[in-house]
Every structure is written in C-alpha cells, then in structure tokens.
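The values are calculated or read from the model by the stated rules, or taken from the named source; none is laboratory data. What you see is a predicted model, and the numbers here were worked out from it, not measured in a lab. Reconstructed Cβ throughout: ideal geometry from the backbone, glycine too, with neighbour counts over all protein chains shown. SASA here: full protein model, heavy atoms, side chains in, ligands and nucleic acids out. Shrake-Rupley method; radii C 1.70, N 1.55, O 1.52, S 1.80 Å.
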4 protein chains.
Amino acid sequence: MWLLLKQGAEPAGLLEELQAEGVSVQAHPIGQRWMLEVIENGYTPEAFLRWEEVERVIAEKPAFPLVATWQGTVNVGSWRRGEAPLWIAGPCSVERKADLLSLALSLRRAGVHALRGGAYKARTSPYAFQGLGEEALDWLAEAKAISGLPLCVEVVSEKHLALYQKKGIDILQVGARNMDNYWLLQEVASLRLPVLLKRNPQARLEEWLLAAEYLLLHGAPWVMLCERGIRTFDYSLRYTLDVGIFSVAAQHTALPVVADPSHAAGRWQHVAALTYAALAAGAEGILVEVHTEPFHARSDAAQQLTLEQFLALKEKADSLHANLHSGGVAQPLQSRLEQ
Amino acid sequence: MWLLLKQGAEPAGLLEELQAEGVSVQAHPIGQRWMLEVIENGYTPEAFLRWEEVERVIAEKPAFPLVATWQGTVNVGSWRRGEAPLWIAGPCSVERKADLLSLALSLRRAGVHALRGGAYKARTSPYAFQGLGEEALDWLAEAKAISGLPLCVEVVSEKHLALYQKKGIDILQVGARNMDNYWLLQEVASLRLPVLLKRNPQARLEEWLLAAEYLLLHGAPWVMLCERGIRTFDYSLRYTLDVGIFSVAAQHTALPVVADPSHAAGRWQHVAALTYAALAAGAEGILVEVHTEPFHARSDAAQQLTLEQFLALKEKADSLHANLHSGGVAQPLQSRLEQ
Amino acid sequence: MWLLLKQGAEPAGLLEELQAEGVSVQAHPIGQRWMLEVIENGYTPEAFLRWEEVERVIAEKPAFPLVATWQGTVNVGSWRRGEAPLWIAGPCSVERKADLLSLALSLRRAGVHALRGGAYKARTSPYAFQGLGEEALDWLAEAKAISGLPLCVEVVSEKHLALYQKKGIDILQVGARNMDNYWLLQEVASLRLPVLLKRNPQARLEEWLLAAEYLLLHGAPWVMLCERGIRTFDYSLRYTLDVGIFSVAAQHTALPVVADPSHAAGRWQHVAALTYAALAAGAEGILVEVHTEPFHARSDAAQQLTLEQFLALKEKADSLHANLHSGGVAQPLQSRLEQ
Amino acid sequence: MWLLLKQGAEPAGLLEELQAEGVSVQAHPIGQRWMLEVIENGYTPEAFLRWEEVERVIAEKPAFPLVATWQGTVNVGSWRRGEAPLWIAGPCSVERKADLLSLALSLRRAGVHALRGGAYKARTSPYAFQGLGEEALDWLAEAKAISGLPLCVEVVSEKHLALYQKKGIDILQVGARNMDNYWLLQEVASLRLPVLLKRNPQARLEEWLLAAEYLLLHGAPWVMLCERGIRTFDYSLRYTLDVGIFSVAAQHTALPVVADPSHAAGRWQHVAALTYAALAAGAEGILVEVHTEPFHARSDAAQQLTLEQFLALKEKADSLHANLHSGGVAQPLQSRLEQ
C-alpha cells in the first residue's frame, strides 16, 4: 500500500507515529512530494486517511505516480478547461513575418487560445527546410505582443532552451520524435514551463505517461498530452489517429489530452473528419496547422488549412463539442473509477 | 480509357459504331454490366458521353470497378440514408428466447433499424461457446415477426446458407475473420441478399474494397462496409478503431460505411466514446452489441451494453449526428473529387 | 491441477479411486482423451503420477491442451524429423501438366520431401486467376504417381474436401486467410489427414495455436505450423518474417513449425536470405514456391524460384542446417523447460 | 540525370566543359563532394563517364545520396570486413569496475572486436537506474587500455559529447530512441567519429537511411546501421527482429548493417536463435549484451548473456557464418543490381 502525502507535507512526524503503531513503513520522495510505502500490516486502506498529511491511499504504486495523482490548473490564454475545446493553431513552420502577424490577429479574432509555429524543425531529410531559427522566434514574440496569444513552440535541442526562455515561449512542445528522448525531457522540464508532449507514433500509453512523469518529476508544472496518430500497417492516411486513447488516458490521469489531426491526416481534406472524431471521443482540444498560403508552405504543404477552412472547421467543431457536453454528461458510459 | 455502360445497356451496337469511327475497343463484362476498354485513339474522354449507353468515362480501370461505380439504394427497415445514423443492435450471441423477443421490441421502440444476433459463432477457442445454431435462427425469425425489425446475422460456413435463406435473414454478415475467405464470399453473394462486410483487422482499404467487389460481382445487390478496429501495437483497447477510413473510403465508393464500436472497444466503458467518434468522422451507422444481462452473456460479456446504456448512447449520438449535419455541410473540407 | 490421461485410458476407475482418497475431481473429454480437473486437495503434483492412467500433471489447464501435450510422429515422404530440413516445394498455381510432371521429377531428384501446388486459389482480386480446380488436382495426382512425392495442397472451401480426399491429397493446407475460419477448420480436420496450418499475418501465437487446437480436437492426427510473414508497418518486403516465433513456439508445443519464405519475401531475390534465417532460427522445414518459368506464372510471378535457383538454395540451406546441428546442440541457450 | 563527382574533384572546370557541349547543368554540394544535376540533353548516361571527375552516373537523385554512394573503409579493432562476423559485446550498463575490466579481457580473448557498455542510459521510467555517467566512462577507458578493444558507447545528450571525445570513445552509438532526433545527430556527427545508428522500432528503411544521411552529411566518416527489432502487434518477444531488412538495405547502401539480438529478444533464451537468424539473413555483425552476473544487472537483467553462454554462441555463430560464406556465394539469389 502507498500513501501519497499532500503537497508540502513532511514525512518525519508521520513516520514516527506510524512506527509507534507497529506499521512498517518507508518514505520515498516523488518529485516535490513524498510517498510512504506501507509494508504488510493490519490496517485497512481507509484507516490511513485519518492522518491529515495523507492525500490518497493507493493499492499499488503506479508506474507514474506524479502523472496518476496530478491535480492542478491548466492555463492557456483565455481557455476555460471543460467549457469549450482548446484551440492551438498556426503554421507548421514560421516563414514570413507579415503572414505570421496577420494570421495571429485573425486567429485571435476567431477565438483561438494559443499560437503555434515552428522555428527549428525536425525533418526526415537533411535536405529539407530546417526552419528559420532565432528569426522565427523573434517574429513569434512579436505576434504574441500584438495578438496577446501565448506561444506553443517545439523544442528540438537542449541548446535552444535558453533562447526559448528569453523569447518568452509559453508552452514548450516536445515533438513525437523526442517523446522518449529522456535527457532532453529533463532539460525541458527544468525551465518550469508547461509542456505539450506529443505521443510517439509507436508509444503505448504507459510509455507516453512515463515520459510525462519525467517532465513532472523534473519541474514542469503540467503537461498537455497530444495524440497525433500512431504508425500501423495502414497508410490510407499518414498515420492512424488513435481515438480510443482519449477515454483510456482519462482513466489514468487528470492531465489534459488533446489531438493533432493535421499530422495524423497528412492531407487537408481529412483534417475536419479527424478533428470532429477526436473531440467526440473525448479530446479536450485541438492542435492544428493553419497557413496563409498552404500550397506555398515550405513544410507539410499538403496538410495545412487555409484560414477560411479553419474558421469553418472551428465553428462546426465548437458546436459539436457544445452539443456533446450539453446535459452535463459527455461520456455517459465511462467512469474514472472503473476500467 | 474505360467506358462504363449503363445498367441494361448492351455493348454490341456501340462497339460497331465506335469501330466505324476508327476507335479500337474491347468489351468486358463487369458483374451485370459491361465496360468497354478504349485503346489509344484521338477522342477526349468527354466525347464518349454523347453515346447514350455510356454512364461514365474512367481514366484508368479501377481495381474494383463495381465498388467504385456502385450507385443504388440501401434498404434497412425504416432507415433513410443521409437523414440519421443507421442503428443495428442486438446481442453478441442469441442465448434465451424470451430475452431476445423482449429486447427486439425494446430496440424497435427505441428507433433501431435492424436486429443483430449470433447463431453460429466464430470463437478463438474451440472450448468456447459456439452458438445455439438453428434454434437461434428460429428465435430470430420470431423476433423479426413480432418487432418488424429486419435481421442481420453472421454467416460462418457455406453449409448454413440455405438455412439462413429459409429463416428469412435479411442481411448476411461476413465477419472480420472471413473478409478474405473469397470462396465463402462467392457463396454468400449467390443468395442475392445485401451483405454487411466487416473489415479484417489487418486489411488495407484496397483489400477490403476488393472483398466487396467479390460480393457485388457474384450477385449481392449492395454491401455495407463495417469498420470494427484494426490490429496495431497498442492494446489499450481490444483493437484500434480506424476513424480515418470513413472519409477515405467515401472517396472511392458510394457504398455505405458503418462502425462497430463494440468489438473495437472490447469493454463497455469505451463504447460510447468510439460511437461518437465514428459518427463524427463520417460513419453512416453503428452496429452495436446490446444484451439484457451483459454480465451473464456467454460471449463478449465485457463489451455488451445494457438496454439502458444503449438508450442513453443512442440519444446522445443521434443528437450529435443531427448537429454535425445541420447546415447541410457535414464535412466541409472533404470532397469526392479530390484526394 | 490437471491430469492428462494416456491415449485410450478411461477415467471411470480412476475417478472412483481418487474420490475414495478424498480428492475432489471432475473429468473433461479433450479430443480423443480425458483430462481430470483436480480441485484443491492435499497432494503434490508428483503424487498423481503413481496412477498409471496419468500421462502428465499440468499446473494450469493450458488454453490449447491438445497442442500443448501433443506427442506423435510426423510423416512426410522420406523426411526424418530432426535430421535435415523438411522441403515442400512446387508452383504457386498448377498451370500446365507437362511442366508439373517434369518439375515433380526434378524436385524428387533434388531430395524434396513433398510437392505443393495450387488448384483452387484465394486471390485478393476477383479478376485474378482463380486456379484450374479439379483438373489441377488430377495432374497433381499424376505427379504423385510418377514421383512418389506426397501432395500438400491448399483447401479454400469445404465443398472441395471430398474431391481432395478422392484425389489422394496427403497434407491439407489451410492458408493464412483461413487460419481463423473455424468452421472450415472443423471440416478439414474431419478428414483425419495431417494439416499444414499457415499463420494469419496478424495472428498472435496463442491465436495460431488455438486454431491448431481446433484441428487436433476435430480429428487431424498432426498439424504442421507454417510461419509466412506478419503484417507490420514495414513494406520493404511483402511481409515481415517473424523468425523469433520458431523458438517461442517450441516452448509451447512439440508440433513441427516450418517457414514459407516465398510469401514473406514477395520477390525471389530475397527468398534465400529468409530461408537461411528461418532455418537458423529454428524452423524445421521450408515451404517454397518453385516454377519452371516464374516470369510466365499466372500468380505470384515475382516471388517464385526457377529450378536452378532452388537447387542452389537447397544445397546451401542443407549445409547450413547440418552445420548448426553438428555437435548436437543447435540452440544452446534455449530450453523447452524454461521461458 | 545526376553525376556524382569523385572525392576532391571541383565542379568548375567540368561545368564549363559541359556547358560548352550544350549540356544544361547545375552543381549541388553533397557533404564533402559535388553532384551535378543534368537537365534533359542528348547524351546517354555512359557518355558522361569519359570525364574523369565523374565517379558515377545516377538516373534519379536518391533521397539519401551520401548513403547511396558511400564507399569507404570500416575499422573496428581487428575486424576484417567480409571475413567473419563483427562482434561488439559488453554489459547493458557499466556497473562495477572490476567486473568490467575482467569481462573486457575475457571478451578480447574470445575474439570480440569492440567493447560496448552503457554510461548514460535512456530508461523508460524516470525511477529506473540511469547509469553511472562519467565514472562509467572512466572505467571503460581503462578497459580499453588494458584490453586494446575499441569502445562503442551510446550518446543520449549533446551535453556529454565533449566528455565522450575526451575519454576516447571510438564509436558513438545513437540509440533507437534517438534515431530521428536530428539535432542530436548533427552534433554527434560533428565529432567526426564513426557512429553506430540503431533503427527506431517504427522506422521504415528510407527513414533509417535518411538519419544516416544526416550523419554522413554533418561529418561522420561512416555509419554502422543496427537493426534491433521493430514494434509490431506481436509481443511473443520484446520486439520483432526484421531479418528481411539486411538484404533489402544492401541494395541501397554499402554501409555495414549489423543486428542487436539482445533488445529484440528481451529474454536471454532467445538471443542465440536471433543471432543465427540475423547472420544467416546477411547481417555483418552482432551487438550483444554480456554481463558477468546477468541476474544482478541493474538494467535489462532478463536479456543479458553470461560469458559462458556468449562463448558458446559465438563459436556456433562464427562456424555458421563461415559455412554460409564458403564457396564465395553467401546469397546466391540476391544482387545489388536488381531489386
């Protein structure tokens, strides 16, 4: 049995008391908190709740205790969790300053909550466009200044972290390719900023949540999990969006889980269908690529939406989300208690 | 270039006329119709449309011409295609007569369009319950008589086909395990009944559509395609529901495509999320397992819904579908013309 | 605890004796034999071995008891199990009589143990060549008569079974597409002939062994398991040959496991590499497609070997197998007892 | 058409000459060399070979030109490429100095060519042992000094690179999790040391070769590709060793390709079978985990071999390799020219 202590609670006094009662117990630091491991004893789980320091009694130590017990606030611009879908939109790569600024203003007007945009890219080919780097970060900072939108930008190397901090990036994105790059995760977390953690296309749920555990353990206040399609035998679309993961993940963590329909679809024609599906299946938000002129984009040209397409999509998706959550029961058959 | 002739049109006269114009051409029977293969000539595709017998000019012969060009009517009880989701519900296996009859009446009252139920089962273990066989078919026929619901029942062996016909089964279901059992497909199609064709969990779209082509070629009037989850590296749920396939399939065929969330989920808690996701992604209907007492079911006990759960699910799903299709534009970004 | 009785042993007397000793016990028929389920009692497993009827004591009833406990003889022509690889070779489809007869004689001369050849084919497209049917079976029977080679032919429909029996087919092949077509398996098994059971490209080991259990339970004297490549995200070759399955399967059953490198490779250039790999990993034999003129083959033209290529391959492979098994220790690190 | 110029050849003179002949041509730097793109002209490919600067004429520019055209020497200790398998062995993690030194000497005596050992580990859980870091590197350097074995050590962060250089690591290993961490690849390559590049368990061949292209482009003299199992639906073993990739990769590059049977197997009992299979399928070498006391290992305890097990394995594997390559024709059916 495991006792998760409350934030700030110290174990020393409790250990003494428990030992005095004949309970064999050991303390383990878990991130900023403590967990006490109770070795075989005569008490029921409930009995331990009479000690004030104990927040929760857990039958088995979860592989990812911080992720499993996380309870906090998620701040992304004007988004109110639970009320409407979260929207994070913007171009795959930042390419031209004027386009970015005008797009940021349009997105803000459309009710988007955060701006995404690539500065340093992770490209499969070394001969592909690798991003504009620091210049792109400068333009993003300017876009933030004029639109008020917080910034969500992918980090591809620990070398860039100081720069990201200096330029005021609000949410650090860890891409699918770096989800299990644990040494980068530790560096990213040390900035104590929120992190958007994409699922590696081959990651099982536990592997994904363990990557989030690295982030919480090393200082990230919260992590937004982002499903972006898994690799399967089927290449009808670029990847297979795993919509089942939204309700399964919700049984294991209270961290928000969003979807990236752009990378799963690979072609703009299918982005809408995947967006609706993800929200209907329980995704809390959408990370989507929007570009002023997709056909001239220097990366992911086939999958980015025009602003007009995005606006139509968002309207329909917001309405669908409201419809699903009316009556207060979005997922009537599922419960956090049962599996 | 290929000319698909209209239903009932004979090629002889057209062949003569075309040859008189110097066009080198050859006729191929495709199911009940004819396709003319035009070998290199001076005409544009549109030119051939002035012959009345020609329904469509196709640049390249599709691998599945009947599936690609199918245009017909789908009749399942009171369902009106395009207006609301199709609902096919019922127990995994038929187990007790009284339960089945009462369930059929309840489902009819709830607006379900067809009754499903297993008579002969395909079970992974030879020691598992294999279905009640002919007795179950008798009870299903009785349920149809009192409820008016058409019947959709899985066929597992060509030996049973005469029996299915005699008992008045309306839609023959070919299970995922038999999708590529081509000799069974031919026998099934020869009954000239509609067929619900589940996707094999490892089938690529083309393989699935080719299986449907077997059915149309050998006599089935129409085929309903049913996505029920694919096999991937991820076992968070029993299978991974491939929601992207709905909009991709719609680019290749006008045959209806529905979803089976029960087999994809494997656990009842996740059936609702997958149902909403499938409809939001473009599925036209839902095939779902409903049982009077799921926990006592002799097969698939973990994934069947109670009647109450089903009613709540259907209400929410119908509302979501109506919301998505209001304004007449369900999938604003996707078109049948572009890929 | 489970007691597997010897072939022919009746449970009645034993049940009485055990009950007299205070052991609570129940008898279950397993194919042609009996298993006794021992409910909690004071005896050690070894204690039950003093009853002569008991062949083996099993801690937990395996999901596939007949497969797990099978111990018998495998007869395929002149092959001696354990001494050299088993070779089953021949064309994908039987196409011309003269070619087949001459090929059969050449294969016999080369030391091949059985002749394979397709009569009724399972083709992905309904427009592809479907096999010559009964005529092909006649030619195969003639090839057997002149070469002395036993025949291994795929069954695609229960309707053909009587014909297969009449024509003297020795080993009934169940193709990958029919591995989990359980009603066909039962019909096939009822002929009481040995069966070569291909693994479905998406089947997990347990599913494969359960399909073999269907066969043993319904009358097949033995089953030869055949790995032919699984479906993965990687299409460098047609399928991914799962070489790890040979040593894992050997931990669960004494049934022979062979490989089909032709279907896994999909291109003749890679057949040799996969053959060597399969034998090195523990496959007991090879099922390979050989054609007199591969480039004119009406099915699988890209993957069939010429006779010359096959002879070179077999020589190298036999030598490799002998090298691996010299010193009596083929797989020094693996044991049937440990997992 | 593309002309690959020889190492050191400058394009200026050739450009002039070609333009004088009316050939429209453009020069592109590819790593340390030049490629000339020839736009439509009247010459046959062979014609361009009369210019001395041209090493090779390529019909289409490959996605990975440096990998496709690489021709160099691979030096790993006493290994002579083509004559025997390459052996790189050692513990998963370096844990105790005395054990490492004694193991290094034993491995050297056994004919191993390089020593592997983990200093900084990439572990799925943040609570798992993360490696001894710099201390481990020191012990490795000492093991190299006394045994003469070159060192192959995994790099998990660009921060450690200077340290790796200082400690004299000979081959930098990029783990499966970092294969597509392109910014790390660039940093690693900048040390101008050879790199062992593991295949990401979800990478297709082209993605793997493009990662190698990053390394060659940014300064690595050569790259050793290492297949270590792919992720599939099947978990009989930890991963599925893709043995087909060895002969396919050889059609695209002359870079050496080796196998890591330890990570694919996940359990020591299956390491031998996978080792034999990999070599038989064309792998040029084996990277294998050997530990003085596997059951006490702090990582990968289930899959490491004891020294005794390794010695038996190596003897058998070397003999098998010699047998396969006797007569000079290892893979009689496969050619670098055809696909």
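Which ³J(HN,Hα) values, rounded to whole Hz and listed in residue order, are derived for region C:299-312 from phi using the Karplus coefficients 6.51, -1.76 and 1.60 in 6.51 cos²θ - 1.76 cosθ + 1.60 with θ = phi - 60°, glycine and proline given as x?
Per-residue couplings from phi come out as 8, 6, 4, 6, 10, 7, 8, 7, 4, 4, 4, 5, 4, 5 Hz.
With a 1.4 Å probe, how much accessible area is buried between chains B and A, both sides summed, in Å² to the nearest hundred?
So the total buried area for this chain pair works out to about 4100 Å².
Using a 1.4 Å probe on the heavy atoms of the protein chains only, list every residue of region C:279-299 that has 30 Å² or more less accessible area in the complete assembly than in its chain alone.
For region C:279-299, once contacts with the other chains are taken into account, C:280 lose 30 Å² or more.
I want to check the label-to-label distance for residue D:138 and residue C:134. Put each point 7 Å from Cα in the C-beta direction and report it in nm to one decimal.
Taking the two extended label points, one gets 8.6 nm.
Per residue of A:261-273, count partner chain C-beta atoms within 10 Å of its C-beta, then hand back the mean as an integer.
What the average comes to for A:261-273 is 5.
Taking the label point as lying 7 angstrom from Cα along the Cα-to-Cβ axis, what are the distances from residue C:80 to the corresponding position in the remaining copies, in ascending order and in nanometres?
In nanometres, ordered from closest: 3.9, 7.9, 8.5.
Mind telling me which of D:86, D:103, D:132 comes out most flexible in a GNM of chain D, alpha-carbon contacts under 10 Å?
The residue with the greatest mean-square fluctuation here is D:132.
For region A:249-257, in order, what is each residue's ³J(HN,Hα) by Karplus, 6.51 cos²θ - 1.76 cosθ + 1.60 with θ = phi - 60°, in whole Hz (x at glycine and Pro)?
4, 5, 7, 10, 7, 9, 5, x, 10
Could you give, in nm with one decimal, how far residue B:125 is from each other copy of that position, shortest first, with labels 7 Å out from Cα toward Cβ?
So the label point of residue B:125 gives 3.0, 4.3, 5.2 nm to the other copies.
Any idea how far apart residue A:61 and residue B:59 come out in nm if each label point goes 7 Å out from Cα toward Cβ?
My value for the distance between the label points is 6.2 nm.
If the protein assembly as shown were replaced by its equivalent ellipsoid, with semi-axes equal to the square roots of 5 times the Cα gyration tensor eigenvalues, what would those be, largest first, whole Å?
45, 41, 40
Going down the list A:61/C:198; A:198/D:6; B:159/B:198, which pairs span over 31 Å between their C-alpha atoms?
Correct reply: A:61/C:198; A:198/D:6.
Provide Rg and Dmax in Å for region D:44-167, with only Cα atoms included in the calculation.
That works out to 20.3, 64 Å for Rg and Dmax.
When Lys and Arg each count +1 and Asp and Glu each count -1, what net charge do the other residues less than 12 Å away from residue C:291, Cβ to Cβ, add up to?
Summing Lys/Arg as +1 and Asp/Glu as -1 gives -3.
State the Kirkwood hydrodynamic radius of region C:2-61 in Å, one decimal place, computed from all pairs of distinct Cα atoms.
Value: 11.4 Å, from the Cα pair sum.
Under a straight-distance cross-link criterion of Cα-Cα below 17 Å, which lysines are reachable from residue C:166, leaving out those fewer than 8 residues away in the same chain?
C:144
Taking a label point 7 Å out from Cα toward Cβ, give me the nm distances from residue B:32 to the same spot in the other copies, shortest first, one decimal.
5.1, 7.1, 7.2
Express the accessible area of the protein assembly as shown per residue in Å², computed with a 1.4 Å probe while the remaining protein chains stay in the model.
Per-residue value: 35 Å².
So, in nm, how far is label residue C:41 from label residue D:17 when the simple model puts each one 7 Å beyond its Cα toward the Cβ?
Distance between the two pseudo-spin positions: 9.4 nm.
Need the C-alpha centroid separation for region C:127-172 versus region B:171-220, integer Å.
First find each Cα centre; the distance between them is then 25 Å.
Run the helix sum for chain A: -39,500 (n - 2.57) per DSSP H stretch of 4+ residues, divided by residue count, reported at 222 nm to the nearest 500 deg cm²/dmol.
One gets -9500 deg cm²/dmol as the mean residue ellipticity at 222 nm.
When Cβ neighbours within 10 Å are restricted to other protein chains, what is their mean count per residue of peptide D:242-254?
Per residue, the number of nearby Cβ atoms from other chains is 6 on average.
Rounded to the nearest 10 Å², what accessible area does residue D:10 show when all protein chains are kept and the probe is 1.4 Å?
120 Å²
How big is the gap, in Å, between the Cα center of region A:252-267 and the Cα center of region D:59-73?
Rounded to whole Å, the Cα centres lie 37 Å apart.
Which chain D residue hugs the D-A rotation axis most tightly by its Cβ, and what is that distance in angstrom, to the nearest whole number?
D:202, 2
How about region A:116-194: which trypsin sites (Lys or Arg not before Pro) there are in a DSSP loop, with at most 12 other Cβ atoms within 10 Å of their Cβ?
Those satisfying the criteria are A:192.
Non-local amide H neighbours of residue D:77 (under 5 Å, H modeled in plane, Pro and chain starts lacking H): which ones?
none
Considering only DSSP beta bridges where both residues belong to chain B, give the percentage that are antiparallel (nearest 5).
35 percent
Please report, as a whole percent, how much of the solvent-accessible surface of chain D comes from carbon and sulfur atoms (probe radius 1.4 Å).
That share works out to 49 percent.
If B:260, C:300 are ordered by their accessible area, calculated over protein heavy atoms with a 1.4 Å probe, which sequence runs from highest to lowest?
Most to least solvent-accessible, the answer reads C:300, B:260.
As an exercise, identify the GluC sites (Glu not before Pro) in region A:53-88 lying in DSSP coil whose Cβ has no more than 10 other Cβ atoms within 10 Å.
Those satisfying the criteria are A:60, A:83.
Count charges around residue D:324 for me, please; just the other residues with Cβ under 13 Å from its Cβ, Lys/Arg as +1, Asp/Glu as -1.
-3
Probe 1.4 Å, all protein chains in place: accessible area of residue B:318 in Å², nearest 10?
In the full protein context, residue B:318 sits at about 40 Å².
What is the set of long-range amide H partners of residue C:117 at a cut-off below 5 Å, with H atoms built 1.01 Å from backbone N?
C:152, C:154
Take every residue in peptide A:305-317, count the Cβ atoms of other chains within 10 Å of its Cβ, and give the average of those counts.
2
Using a Gaussian network model on chain C with a 10 Å cutoff between Cα atoms, which of C:198, C:97, C:314 fluctuates the most?
Result: C:97 has the largest fluctuation of those listed.
Computed over the Cα atoms of chain A, what is the convex hull's projected area averaged over all directions, in nm²?
Here the figure is 18.6 nm², rounded to one decimal.
Compute the signed sum of charges (Lys and Arg +1, Asp and Glu -1) over the other residues within less than 10 Å, Cβ to Cβ, of residue C:264.
Neighbourhood net charge equals -1.
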